[in-house]
Amino acid sequence: MEYSYPFSIDWSTDEIVDVIAFFQTIEKAYEKGVKREEVLSKYRRFKEIVPSMSEEKTIFREFEEESGYVSYDIVKQTKTSPNGTIIKGISRGKR
């Protein structure tokens, strides 16, 4: 699948790499599943870079439009699941 990841020109190279790593974790959750702790770690770093909820929603929406993956669903599942859980996305048929 070829698509671009959302990012801000105001971010440093390291921040862009970390945001892409977060979205790759979202992809992995949909494709094969990923441990809750990995998603949580990547999301926490993402929130250091994107602390604003409105900006988060915008970036999540851009990523969903490009990829078909719904970041919000994975983050919500991560927040409500116990440690050790494998987080797996359910395709909504948008891809």
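Number of residues in region 1-13 that are free of Cβ contacts under 8 Å to residues at least 60 places away in the same chain and within 13 Å of the chain's Cα centre (by Cα) equals 1. Restricting ILE74, ILE87, ILE16 to residues that are of a type in the set (A, V, I, L, M, F, W, C) and without any contact (Cβ under 8 Å) to a residue 24 or more places away in the chain narrows the list to ILE16.
Of all residues in region 41-70, exactly one satisfies the criterion of being in a loop (DSSP other than H, G, I, E, B), more than 11 Å from the chain's Cα centre (by Cα) and closer than 20 Å to LYS88 by Cα, namely GLY68. Considering only residues that are touching a helix residue (DSSP H, G or I) at 6+ places or on another chain (Cβ under 6 Å), farther than 27 Å from ASP10 by Cα and aliphatic (A, V, I, L, M), which ones fall in region 39-95? Result: ILE87, single match.
Candidates are the residues of region 80-94 that are at pLDDT 95 or above and either among the hydrophobic types (A, V, I, L, M, F, W, C) or within 13 Å of the chain's Cα centre (by Cα) (or both); the one that is surrounded by the most Cβ atoms within 10 Å (Cβ to Cβ) is ILE87.
Screening region 1-40 for residues that are part of a loop (DSSP other than H, G, I, E, B) and in contact with a Phe, Trp or Tyr (Cβ under 6 Å, 6 or more places away or on another chain) and picking the one that is surrounded by the most Cβ atoms within 10 Å (Cβ to Cβ) gives PRO6.
The values are calculated or read from the model by the stated rules, or taken from the named source; none is laboratory data. Just so it is clear, the model here is predicted, and its values are computed rather than measured. Quick reminder, even Gly has a Cβ in these numbers, built from the backbone with ideal geometry, and neighbours come from all protein chains shown.
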